[in-house]
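Read through the structure below, which is laid out as structure tokens, and then see the notes.
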Amino acid sequence: MAQVFHRAANNVAKISIVVAVVLAGVAGFVYTQIARSSYLTGRFVEKQQPVQFSHKHHVGDDGIDCRYCHTAVETSYSAGIPPTQTCMNCHSQIWSDSPYLEPVRASYRENKPIEWERVHDLPEYAYFNHSIHIAKGVGCSTCHGQIDNMPAVYQQNTLQMEWCLQCHREPEKYIRPKSEIYNMQWQDSELTDEERLQLKADYKIRSQEMLTSCSTCHR
Amino acid sequence: MPSKDSKNNFALLRDKILQKSGKDYWRSVEEFADAPEFEEFVKHEYPQHAEEWEDGLSRRNFIKVMGASLALAGLSGCVIQPAEKIVPYVSQPEEIVPGKPLYYATAMTLGGMATGLLAKSNEGRPTKIEGNPDHPQSLGATDILAQASLLDMYDPDRSQEILKRGNASTWQNFMMEIRARIDENRVDGGAGVRFLTETVTSPTMIAQMRQILTELPNARWYQYEPINKDNEIAGAKMAFGSPAKAIYRFDQATRILSLDKDIFSDFNVRYTKDYNQSRRYSEDKKDISRLYAIETTMSLTGAKADHRLAVKPSQMPEIAKAIAAALGVAGATSTYTENAQWIQAMARDLQANRGRSIVVAGDHQPPMVHALAGAMNQTLGSVGATVTYIEPLQPFPDVLQIDQLRTLVQEIDNGSVKMLVIIGGNPAYNTPADLRLDMNRFKVDAEDREGRKVPLRVHLGLYQNETAEICHWHIPEKHYLESWGDARAYDGTVSIIQPIIQPLYDGKSANELAQLFFRENYDKKDYDIVKEHWQRQGFAGAPRALATSAATNNQTQTNNQSQQTTNQVQLNNEQPRTPSATQNQGPATTVATPMTTSPTNRAANPAGGDLNPAAGAFEDNWRKVVHNGFVPNSAAPAKTVSASGAFMNQPTTPASGVLEISIRPDPSVYDGRFANNGWLQELPNPLTKITWDNVALVSPNTAKRLELNQDVKDEQYSGGSLGTTFVNTKGGNLFSDLVTLQMNGAEVGKPVPMWIAPGQPDDVITIYLGYGRTRAGRIGTDLGYNAYNVQRSDAMWNGVGEIAKTGANTAIASTQIHFNLESPARADDILRVYDLEYFNQHPDTGHQHDHYPDSMYPRYEYTGNKWGMTVDLNSCVGCNACVIACQSENNIPVVGKEQVERSREMHWMRIDTYYSGEVNDPDGPHFQPMLCQQCELAPCETVCPVHATVHSAEGLNDMVYNRCIGTRYCSNNCPYKVRRFNFLLYQDWNTPQYKLMRNPEVTVRSRGVMEKCTYCTQRIAYARIEAEKDDRPIRDGEILTACQSVCPADAIVFGDLNDGNSRVAQLKKDPRNYNVLNLLNTQPRTTYLANLRNQNKEMPDYKVPQVKDSGHPTEENKAGDGGH
């Protein structure tokens, strides 16, 4: 019986094994890149909001504190989106006839809430709590980026679990003094390593086992 | 699959069942027989065929579906989350912080009695019911009905629009028509106007009705609901000459005799709470109370009783007389001669505890038994000590509800009723057959389709039920969580019902409907009605208002008033039981969460506290009362009564047939009003564990005599046509024989499935109310049979009857044999019951060897919080409240009857019932709440291929839903059988009402995911975050798991084991503390405190405690064998 395969088939087989491994590696790499891409994570995507509200103007230029609007950030899991009433505190006095603000006035007039597009959206099985992060020295800009530079807010980070875990594994790298929580210009390099570890001890931040236990975030 | 051989030997097996015990503790008759089939069954995680598709899916289709789902599974990791909106308030209410729940005090009424509640509100949506720790009828606990009422509120089948002759109409139209008709009726003083309500204790409603009856002096107001206090009131009239309501102080009693009264399944959880004050065992209090029960159908009280006597219902009055005679009640003689030794010994025990004993008679016992119980309490010196009497809470206590209904029916029959207003209730369904208010009653002749006898019928109700169908107008009723109102607690305390949410549908409350009949100011909101009533009435008058409200009776006013004056209505000498005084022992005291309550300015008005008596202080007081949920010190004053022995001459009617039949309310759906509640339908009945059905109970002996459930068919071995049920060696309890049942000369009308119940007396059949609804809704319609069809107004609860086999049988979904624990070497590995005296002498009898060193894994030291739980089996009364509370807290779905038959119920928590002794005269059952044991060396974790179940640093056995791929290895490896798998998409993801109801703190699980008890990890996280923000440790008692906070028996205690002072750490040192299946070395965090039997040595049924060898010789041999 004649040989079914030509002698070159040996090489083809060897090469195809190598190619398959390389291809699998490339596919894996592509998969992780796609999974982390802004296409899937929504990172850096500016969303069209019903009101052209600029954080750059209100925070950067006017210097309004985060907590003026996001009142619940220190007490609740949600930072809170301000009610129309909060907008009208100022805008019944200034820019009270600006066409940009018509949706706000309409909302107030007709008692219909403004429907904002959600920018930071965690999966429903992740139970993030703003208040405890504030209490443990995680600043706003650590997760949200420099909001004071964002005319339209976008998502600065991937909000994926691997990103959360960077900090939950080594919180000392990301914490800051309580006085600087709402400081948008804060740089992590402003503290020495010793100061960070001291801060971690002062805040009584729990162990890595505790912070990376599943039930810490998932219920 | 069981062998053919064992099937052929079925007759032998059956004899084995009836003669000999195979095991010390058994859950079902199958297990009792120690049948090989049962062993086979236990080895399977789910019953035979439980894992098959319910429809005939071919292999080809299966592969298609699998292929598609594999392809999709790969994609699911990269799905972009759908865009979401954020909708803030326009102007945010001051007290609402988004994400922070608020608790509002309110109250739920049943049978006229109000239990004080705290309703949890997430941004205005009620999501959980808790008990109000300050309210005398709750003290922080609730029962299954209050827990499940949340689902009722969100029920999409609730009535949503006003109907006129079945067509949609408006409140305006209704108001116009009804106003015109009332004005017509004013001419003759409303002689044709009749109101029918359920038991009303609401002071506002009573005042409104009084006003209406003043304006329409010839109108009449009747009250009827099937489960009422008629017998108690008639008994009081017999014994004392005037109606009275007994208030028991079980916390003060050391000996309790129940004459067919189920103390523990009452809506009034206070009695369970009180009972456990005297029953609780601790190192400091080794003397616990003793409970005797004489009853027909096994009840929770019978199950917990130290001595129980099962008797026929017809014997009960004579037995009561015999006990009265033994206690030395003057004039008592009896014809009952059986069980003389039992009665004598018990009577001596009661007498030895003079002033500290209670005799309590059941609601379904004839007045004679109640009268005798009153006389016995008086003879025992209990009156004033452990029993006090008050005026009945409802108006017209002199006329029994059944007589009120009878009068109404007579008036309808003779055509004198022109307008019938039915406020609440469902009399077209739940009235006795001879007084049924159905369409036939309203027909002038056979041709009459309209029911012209009563030209205008109006119905107010939560559902468009059987009664709505026969009424011209139907008005949707507001749920109590949507309306303002008031009612009285069991001791008369005025409780305020506060709405938590705007009505989901355009409903009206009973107060609003009643207001419509006023001459003036007829269009008012419930808030104004209730508030203005109290403004007029004043809170100071609340206790007295009761006495005067009784005099609003317009039917039998004359003799009622004379009795009012002759009975010295004295003011409350004893201190009304303020909750703070009795609360100290229970965990409810330390409730932190629910008491961060109220938006109605809690800081200004701390709970408790008296009201300001100043004249202008109403507004302040009103806010305080609404905030607290009740009017302080408004309990009814005690009434002085004195029993005369004259009634004892009245003859008792002996039974005139072989087979006696007893009617009882269903343990889950009550009188049928909760029939459309999926939580309650799927809740296993406490003793039979039956879901979704009502059955008729029969004793094993009688079943054998009548050849009921004795057949074994091939299909039962193979799992039946649906492949659903396990072979039933008891002869088909799961495949129950259907019979036709006759009682009082009437037929039930639908075949009745029979169920063999250990503990049932021979020749007595018990049937249950609440089923056979024809218009309940999507869930409750056409389930079971309607026992009201055989109820007669002169034989409401007991009678004689006959049954005849139809030859057919049916599948009954009982969870009794689901999730059995495989018992290793020793019987007490699972359940422990000790005789009290024996245990006090041998406190080390429960010693367990610690197998931790045998583990191959290194020991992990938990340095932070170390969560643990104890369950006191001596306290647990098996009332199921924890099961529903867990379901409500953790968004647990309902799966339906067919899925329950396949053992796929999703309850994270179940209450196992274990009998011991002989099947015809069992001891127990003993209850064992079974939930995730949070093992430190968890067998489930080691087998998960994807790390979906792992340990947390606090020792919780975390379940990570989004990692789970559904292999079910963990469930297979769990020796406690506490894991539940979503075989199908059980959650209702579409109904908008249910979205509002769910706990936002807990993930809503999808198909293909394993789930289990998490120790309410969301509550732990909440408390942990709050504590850390305040820079303090979590306080003991700050975290209450859902099951713990609801428990009326305070049986469940949760806390930090690393805090040596915590209650749970203390309880773990109790010598009764033990691990279930200790030799498997799972190191469970949930442990149990052994049940105790406080037996009386003089009793003929005294069981000598079996002396167990205190060593553990077999454990080592068996240790490696565990875990399958």
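No value in this document is a laboratory result; all are computed from the given coordinates. Treat the numbers as computed from the prediction; the structure is a model and nothing was measured. Reconstructed Cβ throughout: ideal geometry from the backbone, glycine too, with neighbour counts over all protein chains shown.
Just a few scattered comments:
- Above-threshold pairs, the threshold being 28 Å between Cα atoms, out of B:Lys120/B:Lys1029; B:Lys120/B:Lys1068; A:Lys47/A:Lys178; A:Lys112/B:Lys525: B:Lys120/B:Lys1068; A:Lys47/A:Lys178
- Listed by Cβ neighbour count within 10 Å, with the fewest neighbours leading, A:Cys140, A:Cys167, B:Cys882 appear as A:Cys167, A:Cys140, B:Cys882.
- Antiparallel content of DSSP bridges confined to the protein assembly as shown, in %, to 5: 60 percent
- In terms of packing, defined here as the mean over residues of other Cβ atoms within 10 angstrom, the peptides A:26-39, B:433-446, B:165-178 line up highest first as B:433-446, B:165-178, A:26-39.
- Anisotropy class of the protein assembly as shown from Cα gyration tensor, a/c 1.5 cut: oblate
- Label-to-label distance, B:Glu861 versus A:Gln160, with points set 7 angstrom from Cα along the beta-carbon direction: 3.8 nm.
- Cα gyration tensor shape of the stretch B:230-390, rounded if a/c is under 1.5, else prolate or oblate by comparing a/b with b/c: rounded
- Shielding value for A:202-215 is 5, the average number of Cβ atoms from other chains within 10 Å of each residue's Cβ.
- Pairs exceeding 28 Å between alpha-carbon atoms, taken from B:Lys128/B:Lys508; B:Lys100/B:Lys897; B:Lys453/B:Lys750: B:Lys100/B:Lys897; B:Lys453/B:Lys750.
- DSSP-defined beta bridges in the stretch B:230-390 - what % are antiparallel, rounded to 5: 20 percent
- Peptide A:130-143 has a mean shielding of 2, counted as Cβ atoms of other protein chains within 10 Å of each residue's Cβ.
- Inter-site label distance for A:Asp121 and A:His6 at 7 Å from Cα along Cβ, in nm: 5.5 nm
- B:Glu837/A:Arg67 FRET efficiency (R0 41 Å; Cβ-Cβ; nearest 0.05): 0.05
- Here the simple spin-label model places points 7 Å from the Cα toward Cβ, and for B:Ser642 and B:Lys164 these points are separated by 6.1 nm.
- For B:Asp183 and B:Lys897, the difference between the fully extended length at 0.36 nm per residue and the C-alpha to C-alpha distance is 251.9 nm.
- Per-pair calculated FRET efficiency, R0 = 60 Å: B:Tyr522 and A:Arg36 via Cβ, rounded to 0.05: 0.35
- Springs join every pair of Cα atoms under 10 Å in this Gaussian network model of chain A, and among A:His91, A:His144, A:His168 the largest mean-square fluctuation is at A:His91.
- Taking the fewest neighbouring Cβ atoms within 10 Å as the starting point, the ordered list for B:Arg194, B:Arg220 is B:Arg220, B:Arg194.
- Cross-link reach is defined here as a Cα-Cα straight distance under 22 Å, omitting same-chain residues fewer than 8 places apart; for B:Lys261 the lysines meeting it are B:Lys229, B:Lys237, B:Lys245, B:Lys273, B:Lys304, B:Lys312, B:Lys321, B:Lys689.
- For the stretch B:827-1119: rounded, prolate or oblate by the Cα gyration tensor [a/c cutoff 1.5]: prolate
- Ignoring aspartates and glutamates fewer than eight residues from B:Lys995 along the same chain, the ones with Cα atoms less than 12 angstrom from its Cα are B:Asp155.
- Full extension of the chain between B:Lys805 and B:Gln502 gives 103.9 nm of extra length, using 0.36 nm per residue less the Cα-Cα distance.
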